[in-house]
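Colleague: Next up is a structure, given as structure tokens.
The values are calculated or read from the model by the stated rules, or taken from the named source; none is laboratory data. Because the structure is a prediction, the values reported are computed rather than measured. Neighbour counts are summed over all protein chains in view; Cβ atoms, including those assigned to glycine, are modelled from backbone coordinates with ideal geometry. Only protein heavy atoms, including side chains, enter the accessible area calculation; ligands, DNA and RNA are left aside. Shrake-Rupley method; radii C 1.70, N 1.55, O 1.52, S 1.80 Å.
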Amino acid sequence: MAAAAVQPHVCQNCNASSETFAFFCRSCGAVMDADYGIATHFDVLGLEPRYALDLDGVDKAYKDLQKQLHPDRHAQAGERDKAAVEAHAARLNEAVATLRSPLRRAGYWMELHGVRILEDDQRMQDAEMMMEVMEVSEQIEDASTQVEIDELVRHNNEKIAGVEASVAELFSREDWAAARPLVEKLQMLTRLGERMNEWTPS
Ligand SMILES: [Zn+2]
């Protein structure tokens, strides 16, 4: 990413400054201000920025930080620190929710690269994709047991992983034009997955 003039993050406790954001001062360990500047979701988690993410790495970073930001660990802290810790936990959750989702991560990755995502009215032009959505929708409607739904979810997740891998490849080449319809497909599959998760036996 382009090197812009970065406002350093200054520790209110020891005055140490750092160009990159961390929840706790790297010098004295004090809680930093909830002032994230241009810190990305990747920065927040201390991860290398890349679309093809290792989710185990995301989860590990998340759990470590979540532990450090747990309210119990700051029960004796002053009001300012408590408020900062609360804001940090929210910022952390936002980062993880975005990066864990192949779809949201794709949108975020394009945003970071200044690439526009499709507008709503530009979507669903692909007849083949619409057929697939209709077909899977029927399968969801026709399902009568959780086992059937689980099977649909498994199959849908396989499709998502396949599209995610293709998107990662195209993103690495910055081929945004080719990636867009696949991101659209990722969106359709994600929506179908949500409908599967919402399914209850009738
Ligand atoms: Zn400090």
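Colleague: Would you confirm, using the coordinates I've provided, whether Leu45 is within 22 Å of Ala83 (Cβ to Cβ) and not hydroxyl-bearing (Ser, Thr, Tyr)?
Modeller: Numbers: within 22 Å of Ala83 (Cβ to Cβ): yes; not hydroxyl-bearing (Ser, Thr, Tyr): yes.
Here the answer is yes, as Leu45 does meet what is asked.
Colleague: What are the pairs with Cβ atoms under 8 angstrom where one residue, in the range 12-31, is modelled with pLDDT under 95 and the other, located anywhere, is of a type in the set (Val, Ile, Thr) and open to solvent by less than 90 Å² (accessible area, probe 1.4 Å)? Sequence gap at least six, or different chains.
Modeller: From residues that are modelled with pLDDT under 95, the pairs are Ser17/Val10; Glu19/Val6; Phe21/Val44.
Colleague: Identify the residue in the range 53-77 that is at pLDDT below 95 and not in a helix (DSSP H, G or I) and, among all such residues, is surrounded by the most Cβ atoms within 10 Å (Cβ to Cβ).
Modeller: Going through the qualifying residues, I end up with Leu53.
Colleague: Same structure, new question: Looking only at the range 19-36, count every residue that is touching a Phe, Trp or Tyr at 6+ places or on another chain (Cβ under 6 Å) and more than 14 Å from the ligand (Cβ to nearest atom) and tell me the total.
Modeller: Going through the range 19-36 one residue at a time, the tally reaches 1.
Colleague: To continue, here is another question. Out of all the residues in the range 1-52, which are of a type in the set (Val, Ile, Thr) and in a loop (DSSP other than H, G, I, E, B)?
Modeller: Here is the first cut: in the range 1-52, the ones of a type in the set (Val, Ile, Thr) are 6, 10, 20, 31, 38, 40, 44.
Within the range 1-52, Val6, Thr20, Ile38, Thr40 meet the criteria.
Colleague: Being among the basic types (Lys, Arg) and out of contact with any helix residue (DSSP H, G or I) (no Cβ under 8 Å at 6 or more places or on another chain): is that true of Arg154 here? Talk me through it step by step, then tell me what you get.
Modeller: Details: among the basic types (Lys, Arg): yes; out of contact with any helix residue (DSSP H, G or I) (no Cβ under 8 Å at 6 or more places or on another chain): yes.
Spelling it out, Arg154 is indeed among the basic types (Lys, Arg) and out of contact with any helix residue (DSSP H, G or I) (no Cβ under 8 Å at 6 or more places or on another chain).
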